[in-house]
Amino acid sequence: SNGITRPKGHTVSFHYNSGVEDMHFGKTHPMKPWRLTLTKHLVLGYGLQYAMDTYVAMPASKDQVRAFHDPDYVDFLKEVSPQTFRYQRFIPPKHEGDTVDLGPFNLSTSPGADCPVFDGMSEYLFLYTGATLAATNQLLTGQSDIAINWSGGLHHAHKSEASGFCYINDIVLAILDLLHLFPRVLYIDIDVHHGDGVEEAFQRQPRVMTLSYHRYGPYDETGHKFFPGTGDLADTGLKGTIGEHFALNVPIPSGIDDRQYKYLFESITARAIDAYKPKAIVLQCGADSLGGDRLGQFNINIKQHGECVSFVKKQGLPLLILGGGGYTARNVARAWCHETALATDNGANLPDRIPLDLVPRPQAFTGRAHGDGMLFPKFQRDHKNDCVEADLEYMVKRLEW
Ligand code: ZLS
Ligand code: CA
Ligand code: ZN
(Lines give C-alpha, C1' and ligand atoms only; values in the text may rest on other atoms or scores of the structure.)
(Ligands and ions follow the chains in the order given, each with its own letter.)
Protein backbone atom coordinates (compact mmCIF):
# COMPACT_ATOMS: atom_id res chain seq x y z
CA SER A 1 0.00 0.00 0.00
CA ASN A 2 1.05 3.59 -0.52
CA GLY A 3 0.42 4.55 3.11
CA ILE A 4 -2.41 6.97 2.26
CA THR A 5 -5.44 6.65 4.56
CA ARG A 6 -8.86 8.32 4.80
CA PRO A 7 -9.05 10.92 7.56
CA LYS A 8 -10.80 9.88 10.76
CA GLY A 9 -13.65 12.10 11.88
CA HIS A 10 -14.07 14.26 8.77
CA THR A 11 -14.80 13.91 5.06
CA VAL A 12 -12.87 15.68 2.31
CA SER A 13 -14.09 16.13 -1.28
CA PHE A 14 -12.07 17.17 -4.32
CA HIS A 15 -13.77 18.91 -7.24
CA TYR A 16 -12.20 19.18 -10.66
CA ASN A 17 -12.79 19.01 -14.38
CA SER A 18 -9.74 18.36 -16.58
CA GLY A 19 -11.35 20.55 -19.23
CA VAL A 20 -9.64 23.54 -17.59
CA GLU A 21 -6.19 22.17 -18.41
CA ASP A 22 -6.07 22.74 -22.15
CA MET A 23 -6.53 26.50 -21.93
CA HIS A 24 -3.90 29.02 -22.92
CA PHE A 25 -4.15 32.67 -21.90
CA GLY A 26 -1.40 33.42 -24.44
CA LYS A 27 2.23 32.52 -24.97
CA THR A 28 3.76 35.06 -22.56
CA HIS A 29 0.87 35.23 -20.10
CA PRO A 30 1.93 34.21 -16.58
CA MET A 31 -1.32 32.34 -15.79
CA LYS A 32 -0.74 28.72 -16.89
CA PRO A 33 -3.71 26.39 -16.43
CA TRP A 34 -1.37 23.40 -16.92
CA ARG A 35 -0.18 24.00 -13.34
CA LEU A 36 -3.53 22.31 -12.56
CA THR A 37 -2.49 19.28 -14.65
CA LEU A 38 0.69 19.05 -12.61
CA THR A 39 -1.26 19.35 -9.37
CA LYS A 40 -3.72 16.64 -10.43
CA HIS A 41 -0.93 14.25 -11.40
CA LEU A 42 0.90 14.78 -8.11
CA VAL A 43 -2.33 14.27 -6.11
CA LEU A 44 -3.14 11.07 -8.03
CA GLY A 45 0.51 9.99 -8.05
CA TYR A 46 0.60 10.00 -4.27
CA GLY A 47 -2.75 8.17 -4.11
CA LEU A 48 -4.57 10.96 -2.30
CA GLN A 49 -7.75 10.10 -4.21
CA TYR A 50 -8.12 7.19 -1.79
CA ALA A 51 -8.32 9.62 1.12
CA MET A 52 -11.22 11.71 -0.22
CA ASP A 53 -14.31 11.73 -2.45
CA THR A 54 -13.45 12.93 -5.94
CA TYR A 55 -16.04 14.55 -8.20
CA VAL A 56 -15.90 15.61 -11.84
CA ALA A 57 -17.34 19.12 -11.87
CA MET A 58 -20.12 20.21 -14.22
CA PRO A 59 -19.99 23.72 -15.69
CA ALA A 60 -21.87 26.40 -13.75
CA SER A 61 -25.12 27.66 -15.31
CA LYS A 62 -25.61 31.26 -16.41
CA ASP A 63 -28.24 31.64 -13.68
CA GLN A 64 -25.77 30.57 -11.01
CA VAL A 65 -23.23 33.12 -12.22
CA ARG A 66 -25.90 35.85 -12.31
CA ALA A 67 -26.24 35.58 -8.53
CA PHE A 68 -23.35 38.07 -8.39
CA HIS A 69 -22.45 39.16 -11.92
CA ASP A 70 -24.25 41.56 -14.21
CA PRO A 71 -26.55 39.64 -16.63
CA ASP A 72 -25.06 41.40 -19.67
CA TYR A 73 -21.55 40.49 -18.55
CA VAL A 74 -22.60 36.84 -18.02
CA ASP A 75 -24.14 36.64 -21.51
CA PHE A 76 -21.01 38.19 -22.93
CA LEU A 77 -18.68 35.70 -21.17
CA LYS A 78 -20.83 32.78 -22.30
CA GLU A 79 -20.76 33.82 -25.98
CA VAL A 80 -17.41 35.54 -26.50
CA SER A 81 -14.58 34.08 -28.59
CA PRO A 82 -11.45 35.61 -30.15
CA GLN A 83 -13.27 35.48 -33.50
CA THR A 84 -16.32 37.45 -32.36
CA PHE A 85 -14.51 39.77 -29.96
CA ARG A 86 -12.87 42.05 -32.51
CA TYR A 87 -16.27 43.19 -33.72
CA GLN A 88 -16.90 44.75 -30.33
CA ARG A 89 -16.80 48.47 -29.72
CA PHE A 90 -13.31 49.80 -29.00
CA ILE A 91 -12.97 51.55 -25.66
CA PRO A 92 -10.08 53.99 -25.27
CA PRO A 93 -7.47 53.14 -22.58
CA LYS A 94 -8.43 54.17 -19.04
CA HIS A 95 -5.05 55.53 -18.06
CA GLU A 96 -2.63 57.61 -20.08
CA GLY A 97 0.28 55.43 -21.20
CA ASP A 98 -1.78 52.22 -21.30
CA THR A 99 -0.61 50.34 -24.36
CA VAL A 100 -3.38 47.77 -24.46
CA ASP A 101 -6.55 48.17 -26.52
CA LEU A 102 -9.23 47.36 -23.99
CA GLY A 103 -12.65 46.14 -25.11
CA PRO A 104 -15.83 45.96 -23.07
CA PHE A 105 -15.67 44.56 -19.51
CA ASN A 106 -11.88 45.14 -19.34
CA LEU A 107 -11.33 42.29 -21.83
CA SER A 108 -8.91 42.41 -24.72
CA THR A 109 -7.47 40.34 -27.57
CA SER A 110 -4.19 42.23 -27.37
CA PRO A 111 -1.31 39.92 -26.30
CA GLY A 112 -0.27 42.44 -23.62
CA ALA A 113 -3.52 42.23 -21.66
CA ASP A 114 -4.09 40.89 -18.14
CA CYS A 115 -7.52 39.53 -19.17
CA PRO A 116 -7.24 38.28 -22.75
CA VAL A 117 -10.05 36.66 -24.72
CA PHE A 118 -8.69 33.24 -25.70
CA ASP A 119 -10.00 30.07 -27.37
CA GLY A 120 -12.06 27.96 -25.00
CA MET A 121 -12.23 30.79 -22.45
CA SER A 122 -15.96 30.49 -21.93
CA GLU A 123 -15.74 26.75 -21.16
CA TYR A 124 -12.82 27.37 -18.80
CA LEU A 125 -14.66 30.08 -16.81
CA PHE A 126 -17.87 28.12 -16.32
CA LEU A 127 -15.91 24.96 -15.40
CA TYR A 128 -13.82 26.47 -12.62
CA THR A 129 -16.94 28.19 -11.31
CA GLY A 130 -18.94 24.94 -11.49
CA ALA A 131 -16.27 23.16 -9.46
CA THR A 132 -16.39 25.83 -6.73
CA LEU A 133 -20.19 25.69 -6.56
CA ALA A 134 -20.18 21.87 -6.39
CA ALA A 135 -17.63 22.05 -3.57
CA THR A 136 -19.79 24.64 -1.78
CA ASN A 137 -22.83 22.40 -2.15
CA GLN A 138 -20.96 19.56 -0.41
CA LEU A 139 -20.54 21.80 2.63
CA LEU A 140 -24.16 22.99 2.51
CA THR A 141 -25.52 19.44 2.45
CA GLY A 142 -23.08 18.28 5.12
CA GLN A 143 -21.65 15.64 2.79
CA SER A 144 -18.15 17.08 3.23
CA ASP A 145 -16.42 18.92 6.05
CA ILE A 146 -13.67 20.15 3.73
CA ALA A 147 -14.20 20.69 -0.01
CA ILE A 148 -11.34 21.52 -2.39
CA ASN A 149 -11.20 23.18 -5.83
CA TRP A 150 -7.68 24.13 -6.92
CA SER A 151 -8.97 25.61 -10.20
CA GLY A 152 -11.00 28.27 -8.35
CA GLY A 153 -10.14 31.23 -6.15
CA LEU A 154 -10.29 34.02 -8.76
CA HIS A 155 -10.59 36.88 -6.30
CA HIS A 156 -10.20 40.00 -8.51
CA ALA A 157 -13.29 39.68 -10.75
CA HIS A 158 -15.89 42.43 -10.29
CA LYS A 159 -19.67 42.42 -10.84
CA SER A 160 -19.39 43.51 -14.48
CA GLU A 161 -15.67 43.60 -15.16
CA ALA A 162 -12.74 41.18 -15.47
CA SER A 163 -9.57 42.09 -13.58
CA GLY A 164 -6.13 40.57 -12.91
CA PHE A 165 -6.58 37.22 -14.77
CA CYS A 166 -10.03 36.78 -13.10
CA TYR A 167 -13.31 36.85 -15.04
CA ILE A 168 -15.92 35.15 -12.84
CA ASN A 169 -15.62 35.62 -9.08
CA ASP A 170 -16.32 32.05 -8.00
CA ILE A 171 -15.46 33.00 -4.39
CA VAL A 172 -18.25 35.59 -4.13
CA LEU A 173 -20.70 33.08 -5.66
CA ALA A 174 -19.63 30.44 -3.13
CA ILE A 175 -20.00 32.79 -0.16
CA LEU A 176 -23.45 33.92 -1.35
CA ASP A 177 -24.49 30.24 -1.36
CA LEU A 178 -22.97 29.61 2.08
CA LEU A 179 -24.96 32.56 3.49
CA HIS A 180 -28.17 30.61 2.83
CA LEU A 181 -27.19 28.30 5.70
CA PHE A 182 -24.40 29.90 7.72
CA PRO A 183 -25.05 33.21 9.56
CA ARG A 184 -21.39 34.31 9.40
CA VAL A 185 -18.72 33.36 6.86
CA LEU A 186 -15.02 34.20 7.22
CA TYR A 187 -13.01 34.62 4.02
CA ILE A 188 -9.22 34.27 4.34
CA ASP A 189 -6.91 35.06 1.40
CA ILE A 190 -3.19 34.10 1.41
CA ASP A 191 -2.60 34.90 -2.28
CA VAL A 192 0.22 37.49 -2.54
CA HIS A 193 -2.33 39.89 -4.12
CA HIS A 194 -5.12 41.71 -2.28
CA GLY A 195 -8.50 39.92 -2.49
CA ASP A 196 -10.17 43.13 -3.69
CA GLY A 197 -13.10 41.63 -5.63
CA VAL A 198 -14.33 39.63 -2.65
CA GLU A 199 -13.82 42.48 -0.19
CA GLU A 200 -15.68 44.90 -2.47
CA ALA A 201 -18.62 42.54 -2.95
CA PHE A 202 -19.16 42.25 0.81
CA GLN A 203 -17.92 45.65 2.02
CA ARG A 204 -21.44 46.62 3.23
CA GLN A 205 -22.10 43.18 4.70
CA PRO A 206 -21.49 42.18 8.36
CA ARG A 207 -22.33 38.53 7.65
CA VAL A 208 -19.07 38.12 5.74
CA MET A 209 -15.68 39.04 7.18
CA THR A 210 -12.87 39.27 4.63
CA LEU A 211 -9.24 38.94 5.71
CA SER A 212 -6.48 39.29 3.10
CA TYR A 213 -2.71 39.00 3.54
CA HIS A 214 -0.87 40.61 0.64
CA ARG A 215 2.13 42.47 -0.76
CA TYR A 216 1.40 46.16 -0.52
CA GLY A 217 3.36 49.35 -0.98
CA PRO A 218 5.56 51.12 -3.50
CA TYR A 219 6.44 48.70 -6.29
CA ASP A 220 9.32 50.34 -8.10
CA GLU A 221 11.14 53.64 -8.57
CA THR A 222 8.33 54.88 -10.84
CA GLY A 223 6.03 54.68 -7.81
CA HIS A 224 3.78 51.94 -9.24
CA LYS A 225 1.83 50.03 -6.64
CA PHE A 226 1.89 46.25 -6.48
CA PHE A 227 -1.34 45.01 -8.13
CA PRO A 228 -4.18 45.84 -7.45
CA GLY A 229 -2.92 48.68 -5.24
CA THR A 230 -5.68 48.36 -2.61
CA GLY A 231 -5.78 46.68 0.81
CA ASP A 232 -4.32 49.28 3.17
CA LEU A 233 -4.29 48.56 6.92
CA ALA A 234 -6.82 51.38 7.35
CA ASP A 235 -9.24 49.73 4.90
CA THR A 236 -11.68 47.86 7.18
CA GLY A 237 -14.95 47.89 5.23
CA LEU A 238 -17.19 50.61 3.86
CA LYS A 239 -17.37 53.49 6.32
CA GLY A 240 -20.84 54.56 7.35
CA THR A 241 -22.41 51.16 6.52
CA ILE A 242 -23.07 48.17 8.78
CA GLY A 243 -20.21 46.46 6.92
CA GLU A 244 -17.64 48.73 8.52
CA HIS A 245 -15.08 46.75 10.62
CA PHE A 246 -15.88 43.50 8.77
CA ALA A 247 -12.95 43.70 6.37
CA LEU A 248 -9.38 43.18 7.55
CA ASN A 249 -6.24 43.83 5.53
CA VAL A 250 -2.67 42.87 6.32
CA PRO A 251 -0.37 44.81 3.95
CA ILE A 252 3.08 43.20 3.86
CA PRO A 253 6.44 44.45 2.49
CA SER A 254 8.53 42.31 0.14
CA GLY A 255 10.64 39.37 1.27
CA ILE A 256 8.64 38.27 4.32
CA ASP A 257 10.01 34.97 5.66
CA ASP A 258 8.35 31.91 7.22
CA ARG A 259 8.74 33.02 10.83
CA GLN A 260 7.37 36.51 10.20
CA TYR A 261 4.47 35.23 8.08
CA LYS A 262 3.56 32.62 10.70
CA TYR A 263 3.53 35.31 13.39
CA LEU A 264 1.23 37.59 11.39
CA PHE A 265 -1.04 34.84 10.06
CA GLU A 266 -1.59 32.94 13.28
CA SER A 267 -2.02 35.88 15.64
CA ILE A 268 -4.33 37.86 13.36
CA THR A 269 -6.36 34.90 12.07
CA ALA A 270 -6.85 33.59 15.63
CA ARG A 271 -8.06 37.02 16.78
CA ALA A 272 -10.45 37.35 13.84
CA ILE A 273 -11.97 33.91 14.47
CA ASP A 274 -12.20 34.54 18.19
CA ALA A 275 -13.98 37.86 17.72
CA TYR A 276 -16.18 37.01 14.73
CA LYS A 277 -17.06 33.38 15.52
CA PRO A 278 -17.68 32.34 11.90
CA LYS A 279 -19.79 29.26 11.12
CA ALA A 280 -17.90 28.46 7.90
CA ILE A 281 -14.56 29.46 6.39
CA VAL A 282 -13.47 29.98 2.78
CA LEU A 283 -9.68 29.84 2.32
CA GLN A 284 -8.11 31.15 -0.90
CA CYS A 285 -4.66 29.48 -1.13
CA GLY A 286 -2.98 31.48 -3.91
CA ALA A 287 0.49 29.93 -4.28
CA ASP A 288 2.10 33.15 -5.56
CA SER A 289 2.95 33.95 -1.93
CA LEU A 290 5.68 31.25 -2.16
CA GLY A 291 9.32 32.21 -2.53
CA GLY A 292 10.55 31.99 -6.12
CA ASP A 293 7.16 32.83 -7.63
CA ARG A 294 7.33 34.55 -11.03
CA LEU A 295 5.05 37.39 -9.89
CA GLY A 296 5.21 37.20 -6.10
CA GLN A 297 7.66 38.97 -3.81
CA PHE A 298 7.49 36.89 -0.62
CA ASN A 299 10.02 34.30 0.56
CA ILE A 300 7.77 31.75 2.27
CA ASN A 301 8.21 28.00 1.84
CA ILE A 302 5.63 25.35 1.02
CA LYS A 303 5.87 24.16 4.63
CA GLN A 304 4.66 27.51 6.03
CA HIS A 305 2.06 27.97 3.27
CA GLY A 306 0.69 24.58 4.31
CA GLU A 307 0.76 25.52 7.98
CA CYS A 308 -1.75 28.27 7.19
CA VAL A 309 -4.08 25.57 5.82
CA SER A 310 -3.53 23.36 8.89
CA PHE A 311 -4.15 26.31 11.22
CA VAL A 312 -7.50 27.05 9.56
CA LYS A 313 -8.48 23.36 9.35
CA LYS A 314 -7.81 22.95 13.08
CA GLN A 315 -10.72 25.37 13.80
CA GLY A 316 -13.03 22.47 12.89
CA LEU A 317 -15.46 24.57 10.83
CA PRO A 318 -16.89 23.68 7.39
CA LEU A 319 -14.04 24.67 5.08
CA LEU A 320 -13.93 25.54 1.39
CA ILE A 321 -10.35 25.41 0.06
CA LEU A 322 -9.69 27.20 -3.23
CA GLY A 323 -6.64 27.88 -5.42
CA GLY A 324 -5.84 31.28 -6.92
CA GLY A 325 -2.57 32.71 -8.18
CA GLY A 326 0.68 30.79 -8.50
CA TYR A 327 3.09 31.39 -11.39
CA THR A 328 6.02 29.02 -10.86
CA ALA A 329 4.06 25.95 -11.86
CA ARG A 330 6.18 23.19 -10.26
CA ASN A 331 5.95 24.93 -6.88
CA VAL A 332 2.20 25.51 -7.25
CA ALA A 333 1.69 21.77 -7.80
CA ARG A 334 3.92 20.85 -4.86
CA ALA A 335 2.13 23.26 -2.53
CA TRP A 336 -1.41 22.29 -3.50
CA CYS A 337 -0.64 18.56 -3.42
CA HIS A 338 0.93 18.99 0.02
CA GLU A 339 -2.15 20.93 1.16
CA THR A 340 -4.48 18.24 -0.20
CA ALA A 341 -2.48 15.81 1.96
CA LEU A 342 -2.83 18.09 5.01
CA ALA A 343 -6.60 18.38 4.48
CA THR A 344 -6.88 14.57 4.51
CA ASP A 345 -4.50 14.14 7.50
CA ASN A 346 -1.87 12.58 5.24
CA GLY A 347 0.68 15.35 5.68
CA ALA A 348 3.22 13.00 7.22
CA ASN A 349 2.62 10.25 4.64
CA LEU A 350 4.11 11.85 1.53
CA PRO A 351 7.67 10.83 0.69
CA ASP A 352 9.79 13.69 -0.68
CA ARG A 353 10.38 12.03 -4.05
CA ILE A 354 7.68 12.23 -6.71
CA PRO A 355 6.29 8.65 -6.90
CA LEU A 356 6.78 8.22 -10.64
CA ASP A 357 5.58 4.62 -10.52
CA LEU A 358 2.19 5.82 -9.29
CA VAL A 359 1.72 8.62 -11.80
CA PRO A 360 -0.95 7.44 -14.25
CA ARG A 361 0.57 9.11 -17.30
CA PRO A 362 4.24 9.84 -16.57
CA GLN A 363 4.66 11.34 -20.02
CA ALA A 364 2.40 14.20 -18.95
CA PHE A 365 5.25 15.49 -16.79
CA THR A 366 7.57 17.63 -18.80
CA GLY A 367 11.17 18.29 -17.80
CA ARG A 368 10.01 21.60 -16.40
CA ALA A 369 7.66 19.89 -14.01
CA HIS A 370 10.08 17.47 -12.42
CA GLY A 371 12.35 19.93 -10.73
CA ASP A 372 14.42 18.08 -8.18
CA GLY A 373 11.35 16.20 -6.97
CA MET A 374 11.60 17.67 -3.50
CA LEU A 375 8.41 18.63 -1.77
CA PHE A 376 10.16 21.27 0.33
CA PRO A 377 12.65 22.86 -2.00
CA LYS A 378 15.06 25.39 -0.59
CA PHE A 379 13.86 28.48 -2.39
CA GLN A 380 16.23 31.07 -3.63
CA ARG A 381 15.63 33.97 -1.31
CA ASP A 382 15.83 36.54 -4.03
CA HIS A 383 13.59 39.18 -2.48
CA LYS A 384 15.14 41.66 -0.12
CA ASN A 385 13.36 41.41 3.22
CA ASP A 386 11.80 44.79 3.89
CA CYS A 387 9.80 43.64 6.91
CA VAL A 388 10.46 45.76 9.98
CA GLU A 389 9.60 43.62 13.02
CA ALA A 390 8.11 46.59 14.87
CA ASP A 391 5.74 47.23 11.94
CA LEU A 392 4.58 43.60 11.95
CA GLU A 393 3.91 43.84 15.67
CA TYR A 394 2.09 47.12 15.14
CA MET A 395 -0.22 45.46 12.59
CA VAL A 396 -1.13 42.66 14.98
CA LYS A 397 -1.91 45.23 17.69
CA ARG A 398 -3.86 47.52 15.36
CA LEU A 399 -6.06 44.66 14.20
CA GLU A 400 -6.84 43.40 17.68
CA TRP A 401 -10.50 43.67 18.63
O1 ZLS B 1 -4.19 37.49 -7.64
O2 ZLS B 1 0.01 44.92 -12.67
C3 ZLS B 1 -0.94 44.71 -13.39
C4 ZLS B 1 -1.54 45.82 -14.28
C5 ZLS B 1 -0.84 46.38 -15.33
C6 ZLS B 1 0.54 45.85 -15.66
C7 ZLS B 1 0.41 44.67 -16.65
N8 ZLS B 1 -0.31 45.11 -17.88
C9 ZLS B 1 -0.45 43.96 -18.76
C10 ZLS B 1 -1.63 45.66 -17.57
C11 ZLS B 1 -1.53 46.82 -16.58
C12 ZLS B 1 -1.06 47.17 -14.17
N13 ZLS B 1 -1.52 43.50 -13.44
C14 ZLS B 1 -1.05 42.39 -12.67
C15 ZLS B 1 -2.21 41.43 -12.45
C16 ZLS B 1 -1.87 40.36 -11.45
C17 ZLS B 1 -3.06 39.45 -11.26
C18 ZLS B 1 -2.85 38.43 -10.15
C19 ZLS B 1 -3.99 37.46 -10.07
C20 ZLS B 1 -4.06 36.66 -8.78
O21 ZLS B 1 -2.87 35.93 -8.57
C22 ZLS B 1 -5.27 35.70 -8.76
C23 ZLS B 1 -5.31 34.71 -9.85
C24 ZLS B 1 0.07 41.74 -13.39
N25 ZLS B 1 1.21 41.34 -12.83
C26 ZLS B 1 1.97 40.80 -13.81
C27 ZLS B 1 1.24 40.89 -14.97
N28 ZLS B 1 0.08 41.48 -14.70
C29 ZLS B 1 1.67 40.43 -16.30
C30 ZLS B 1 2.94 39.92 -16.49
C31 ZLS B 1 3.34 39.49 -17.79
C32 ZLS B 1 2.43 39.57 -18.83
C33 ZLS B 1 2.53 39.17 -20.27
C34 ZLS B 1 1.06 38.83 -20.55
C35 ZLS B 1 0.48 40.07 -19.96
C36 ZLS B 1 1.23 41.09 -20.81
C37 ZLS B 1 2.63 40.47 -21.06
C38 ZLS B 1 1.20 40.10 -18.63
C39 ZLS B 1 0.79 40.53 -17.39
CA1 CA C 1 -4.17 37.99 -0.32
ZN1 ZN D 1 -2.11 36.55 -6.86
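Per residue, the Cα convex hull of region 1-52 amounts to 88 Å³. Taking 19 Å as the cut-off, the amide N atoms of region 153-175 that come nearer than this to a point 7 Å along the Cα-to-beta-carbon line of Asp63 belong to 173-175.
Rolling a 1.4 angstrom probe over the protein heavy atoms with all chains in place gives the chain an accessible area of 42 Å² per residue.
For the chain, the relative contact order works out to 19 percent when only alpha carbon pairs closer than 8 Å and six or more residues apart are counted.
Antiparallel versus total DSSP beta bridges in region 12-398: what percent is that, nearest 5?
10 percent
GNM on the chain, alpha-carbon springs under 10 angstrom: the most fluctuating residue among Phe202, Phe227, Phe298 is Phe227. Tyr216 contributes about 50 Å² of solvent-accessible surface, heavy atoms of the protein only, 1.4 Å probe.
The HN-Hα couplings worked out from phi for region 31-40 by the Karplus form 6.51 cos²θ - 1.76 cosθ + 1.60 (θ = phi - 60°) are 7, 10, x, 5, 4, 6, 4, 4, 4, 4 Hz, whole numbers, x standing for Gly and Pro.
FRET efficiency for the pair His245 and Asn2, taken as 1/(1 + (r/R0)^6) with r the Cβ-Cβ distance and R0 = 51 Å, rounds to 0.60. Backbone amide hydrogens, once placed in the peptide plane, bring Leu248 within less than 5 Å of Thr210, Leu211, Ser212, excluding anything fewer than 5 places away on its chain. Across region 157-221, Cα pairs under 8 Å and at least six residues apart give a relative contact order of 31 percent.
Distance distribution P(r), region 281-358, all Cα-Cα pairs, bin width 5 angstrom from 0: 3, 15, 26, 24, 17, 10, 3, 0 percent.
Placing pseudo-labels 7 Å out from each Cα toward the beta carbon at Asp22 and Ser110 gives an inter-label distance of 3.0 nm. For the options Lys313, Lys32, Lys225, a Gaussian network treatment of the chain with springs between C-alpha atoms closer than 10 Å singles out Lys225 as fluctuating the most.
Once you reduce region 185-214 and region 1-29 to the center of their Cα atoms, the two points are 24 Å from each other. What shape does region 124-212 have by the C-alpha gyration tensor, where a ≥ b ≥ c are the square roots of the eigenvalues, rounded means a/c under 1.5, and otherwise prolate means a/b greater than b/c and oblate the rest? Verdict is oblate for region 124-212. Shown for region 12-398: the carbon plus sulfur share of the solvent-accessible area, taken with all protein chains present and a 1.4 angstrom probe, equals 53%.
3J(HN,Hα) along region 319-330: 10, 9, 9, 10, x, x, x, x, 10, 10, 3, 4 Hz, from the Karplus curve 6.51 cos²θ - 1.76 cosθ + 1.60 with θ = phi - 60°, whole Hz, x for Gly and Pro. Given springs between every Cα pair under 10 Å in a Gaussian network model of the chain, which of Arg353, Arg334, Arg215 has the largest fluctuation? Taking springs between Cα atoms under 10 Å, the residue moving most is Arg353. The modelled label-to-label distance between Lys303 and Arg271, using points 7 Å beyond Cα along the C-beta direction, is 2.7 nm. Hey, what number do you get for the chain at 222 nm if only DSSP H runs of n ≥ 4 count, each worth -39500 (n - 2.57), divided across all residues, to the nearest 500? Value at 222 nm, helices only, nearest 500: -9500 deg cm²/dmol. Start at zero, step by 10 Å, and the Cα-Cα distances of the chain spread as 5, 24, 35, 27, 9, 1, 0 percent across the bins.
Structure note, pairs Lys62/Lys277; Lys159/Lys277; Lys8/Lys40; Lys239/Lys277: Cα-Cα distances above 25 angstrom occur for Lys62/Lys277; Lys159/Lys277.
The values are calculated or read from the model by the stated rules, or taken from the named source; none is laboratory data. The model shown is predicted, which means the values in this text are computed figures rather than measured ones. Quick reminder, even Gly has a Cβ in these numbers, built from the backbone with ideal geometry, and neighbours come from all protein chains shown. Only protein heavy atoms, including side chains, enter the accessible area calculation; ligands, DNA and RNA are left aside. Shrake-Rupley method; radii C 1.70, N 1.55, O 1.52, S 1.80 Å.
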